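Down below is the structure, laid out as structure tokens.
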Amino acid sequence: SLAAVGAREQRNEVEKNSIAGYCAGLIKEGNAIYLDAGSTTKAIAESILGRCNIAVLTHSLPIVNVLANARGLQLISVPGIYRSDQKAFFGELTVRTIREFRLDIAFLGACAVDERLGVMSSDFYDQGVKKALMEMARTKVLAVDHTKIGASSFVKACDVRELDMIVTDKLANPEIIDHMRRMGVKIVQV
């Protein structure tokens, strides 16, 4: 529901802004990046508003709205069938469009991530988008606050080992963080 998304955005806002700030620092001029749907990736969009010469692809309507008037950025809206619960576009058209682009960095959101279960999606539509991003992005960064670490959800999108980096906050469960680090994933806690 819209109320649920609004509540999620307000919760952990300090952590999400710290995560977003760190992620924005990974983006270089000339990069083509992808911003997945979600409140943390929307915070990344807000933190690159003043930047120049970056191509930003997204299927998220809130992110399109955030970046709509950003003069220095090239905004590419990825089409699909709109799903109001996620405020984003999904489906075969979305996945086909993503596969047309070579991406420097994909910033992924997730409803849950666990060392055994991997990165989890809420449904198969989201799973399809994430799988396409894992194929097309040179660098794959999962940007999630601590509430997603150790949580579980319905559908597996990818293994933790497939990620290049996880950016989270300092409140994340230290045992799970250590375990994922031992798996070879670079984890940054801001």
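Scanning region 90-127 for residues that are over 14 Å from PRO79 (Cα atoms) and free of Cβ contacts under 8 Å to residues at least 40 places away in the same chain yields ARG116, LEU117, MET120, SER121, SER122, ASP123, PHE124, GLN127. Between GLY30, GLY21, the distinction of being open to solvent by 10 Å² or more (accessible area, probe 1.4 Å), out of contact with any Phe, Trp or Tyr (no Cβ under 9 Å at 6 or more places or on another chain) and either polar (S, T, N, Q) or closer than 12 Å to ALA143 by Cα (or both) belongs to GLY21 only.
Please verify whether region 172-179 includes one or more residues that are over 23 Å from VAL14 (Cα atoms), assigned to a loop (DSSP other than H, G, I, E, B) and either charged (D, E, K, R) or open to solvent by 10 Å² or more (accessible area, probe 1.4 Å) (or both). No; the residues of region 172-179 include none that is over 23 Å from VAL14 (Cα atoms), assigned to a loop (DSSP other than H, G, I, E, B) and either charged (D, E, K, R) or open to solvent by 10 Å² or more (accessible area, probe 1.4 Å) (or both).
Exactly one condition in (1) touching a Phe, Trp or Tyr at 6+ places or on another chain (Cβ under 7 Å); (2) in a loop (DSSP other than H, G, I, E, B) is not met by SER153; state its number. Every condition holds for SER153 apart from (1). Looking for something part of a loop (DSSP other than H, G, I, E, B), aliphatic (A, V, I, L, M) and surrounded by fewer than 16 Cβ atoms within 10 Å (Cβ to Cβ) - is there at least one such residue anywhere in region 66-73? Checking region 66-73: at least one residue is part of a loop (DSSP other than H, G, I, E, B), aliphatic (A, V, I, L, M) and surrounded by fewer than 16 Cβ atoms within 10 Å (Cβ to Cβ). Scoring THR94 on the criteria (1) assigned to a strand (DSSP E or B); (2) open to solvent by less than 60 Å² (accessible area, probe 1.4 Å); (3) over 19 Å from LEU142 (Cα atoms); (4) out of contact with any Leu (no Cβ under 6 Å at 6 or more places or on another chain) leaves a single failure, condition (1).
The values are calculated or read from the model by the stated rules, or taken from the named source; none is laboratory data. Note that the structure is predicted; figures quoted are calculated from it, not measured. Heads up, the Cβs are rebuilt from the backbone with ideal geometry, glycines too, and the neighbour counts pull from every protein chain shown. SASA here: full protein model, heavy atoms, side chains in, ligands and nucleic acids out. Shrake-Rupley method; radii C 1.70, N 1.55, O 1.52, S 1.80 Å.
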